[in-house]
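*Asks:* Sharing a structure here in structure tokens format.
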Amino acid sequence: MKLYKDYPLNKYVGAIAQRQPVPGGGSAAALTAALGVSLVMMVAQYSRGKTGSPSKERRLKTIIQKCRRIQKRLMDLVDLDAISYLNVVKAREMKSGSLRRARQQARKVPQEVCRLSFQTVAMMSFLVKSGNLNLISDVEVALELLSAAFRSARILAAVNQ
């Protein structure tokens, strides 16, 4: 069994804790959403082969595939948020039009975190109805993580208006 320190996630948590401008809240929101998506994927994988219905099995396979794509994109957004924020910091030293454009670009990352979080939550009702009931608490935790990521990203999108 691997311990948490053996996973790359440890580097993100450590980086956020440093006294530096990035990664910050936007990266944390994307990372939180990725954790929620990971739990949804885990529940779907444990549920496969146990539904007794070919259509439910296909739906689980689709959920896993979608979650895998969303998870990958969210991990990309962890870094893209940091890059976007650094562009805002640089633009503060330039003329005001540059700052406005940089903020517009920076707003796109948290907006995407919101959209991906929402998409994942929409898939969860199937898991509540047809997934492994022993993992319902993991579905609930995933919902909390995705909700927190959504709300956090919404705050950051508003800041960059």
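*Asks:* Restrict the check to segment 60-79 and report whether at least one residue is within 22 Å of PHE126 (Cβ to Cβ), among the hydroxyl-bearing types (Ser, Thr, Tyr), out of contact with any Pro (no Cβ under 6 Å at 6 or more places or on another chain) and modelled with pLDDT of 85 or more.
*Replies:* Scanning segment 60-79, I find at least one residue that is within 22 Å of PHE126 (Cβ to Cβ), among the hydroxyl-bearing types (Ser, Thr, Tyr), out of contact with any Pro (no Cβ under 6 Å at 6 or more places or on another chain) and modelled with pLDDT of 85 or more, so the answer is yes.
*Asks:* So, MET41, is that one assigned to a helix (DSSP H, G or I), under 14 Å from LEU146 (Cβ atoms) and out of contact with any Ser or Thr (no Cβ under 6 Å at 6 or more places or on another chain) or not?
*Replies:* yes
*Asks:* Quick one: count up the residues across segment 84-115 that are without any contact (Cβ under 8 Å) to a residue 24 or more places away in the chain, surrounded by fewer than 20 Cβ atoms within 10 Å (Cβ to Cβ) and either assigned to a helix (DSSP H, G or I) or of a type in the set (Ser, Thr, Tyr) (or both).
*Replies:* Going through segment 84-115 one residue at a time, the tally reaches 11.
*Asks:* Could I ask something else about it? So, in segment 9-30, of the ones that are in contact (Cβ under 8 Å) with a residue 60 or more places away in the chain and part of a helix (DSSP H, G or I), which residue ends up nearest to the chain's Cα centre (by Cα)?
*Replies:* The residue in question is ALA30.
*Asks:* May I ask you to say which residue of LEU146, LEU133 is surrounded by fewer than 21 Cβ atoms within 10 Å (Cβ to Cβ) and of a type outside the set (Ser, Thr, Tyr)?
*Replies:* Exactly one residue qualifies, and that residue is LEU133.
*Asks:* Given the structure, is ILE16 within 23 Å of ALA148 (Cβ to Cβ) and either touching a Phe, Trp or Tyr at 6+ places or on another chain (Cβ under 8 Å) or modelled with pLDDT of 95 or more (or both)?
*Replies:* Against the criterion (within 23 Å of ALA148 (Cβ to Cβ) and either touching a Phe, Trp or Tyr at 6+ places or on another chain (Cβ under 8 Å) or modelled with pLDDT of 95 or more (or both)), ILE16 does not qualify.
*Asks:* OK, next. Can you find even one residue in segment 125-136 that is within 16 Å of ASP81 (Cβ to Cβ), part of a helix (DSSP H, G or I) and over 16 Å from the mean Cα position of the chain (by Cα)?
*Replies:* No, that holds for no residue.
The values are calculated or read from the model by the stated rules, or taken from the named source; none is laboratory data. If you're wondering where the values come from, they're calculated on a predicted model, not measured in any experiment. Glycine gets a Cβ as well: all are built from the backbone with ideal geometry, and neighbour counts include every protein chain shown.
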